[in-house]
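Written out below as structure tokens is the structure these notes cover.
The values are calculated or read from the model by the stated rules, or taken from the named source; none is laboratory data. Only a predicted model underlies this, so the values are computations on that prediction, with no experimental measurement involved. Here Cβ is always computed from backbone atoms with ideal geometry, including for glycine, and neighbour counts include all displayed protein chains.
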């Protein structure tokens, strides 16, 4: 066999090896895009876009773990509740300085907001105990739902107060905006807990 023929055969083998598709090991689908899990979960909530915008940046931490999903949502909910409390407290301080008639309404709202923060923190504490399993798991899960439901009720009580009394228009607008945003966050958290924790 001539050197030319040998070289030709080697060349053919090399060309064929280059055209053979490479098959790489593919990881399980659930690991390909954790954002999909978060998006799917958020689609079960009342405000899915808000839910996804809030949680998507934490998808690599949440992965596809329902407890991590709900824990992350709850922790962000506590932060949102503190922010809302701060907003209402600021308006209360301004109202006190001018002896405005809405002082009592704002004070009640601040109290409701503080209760909301405490209830959400209690929910976080009970959520941490879910991994124990057994009957205690069911009890802690029930407590989590109760705490978050109570927080949602308190948020509603706060905004209801502004419908019943005379309050500065701008104050009413800003407080309702802050508390309504919080209520939507809490509603989404409750939906995630209800739909993803068993």
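Looking only at residues in the range 43-61 that are in contact (Cβ under 8 Å) with a residue 24 or more places away in the chain and within 14 Å of residue 193 (Cα to Cα), which one is nearest to the chain's Cα centre (by Cα)?
51
Run residue 189 past the list (1) buried (at least 17 other Cβ atoms within 10 Å of the Cβ); (2) over 19 Å from residue 118 (Cβ atoms) and report the number of the one that doesn't hold.
Only one criterion in (1) buried (at least 17 other Cβ atoms within 10 Å of the Cβ); (2) over 19 Å from residue 118 (Cβ atoms) is unmet by residue 189, namely (2).
How many residues are under 23 Å from residue 169 (Cα atoms) and free of Cβ contacts under 8 Å to residues at least 24 places away in the same chain if we restrict to the range 62-88?
Looking only at that region, the number is 1.
Which of the residues belonging to the range 27-42 are modelled with pLDDT under 95 and either surrounded by fewer than 13 Cβ atoms within 10 Å (Cβ to Cβ) or under 10 Å from the mean Cα position of the chain (by Cα) (or both)?
Once the filter is applied, which keeps residues that are modelled with pLDDT under 95 and either surrounded by fewer than 13 Cβ atoms within 10 Å (Cβ to Cβ) or under 10 Å from the mean Cα position of the chain (by Cα) (or both), the range 27-42 yields 27, 28, 29, 30, 31, 32, 33.
Mind checking which helices (runs of 4 or more DSSP H) fall wholly inside the range 53-143 and carry at least 3 residues that are crowded, with 17+ Cβ neighbours inside 10 Å and at pLDDT 95 or above? If you could, list the steps in order and put the result at the bottom.
Values: elements: 59-62, 66-98, 103-127.
In the range 53-143, the matching helices (runs of 4 or more DSSP H) lie at 66-98, 103-127.
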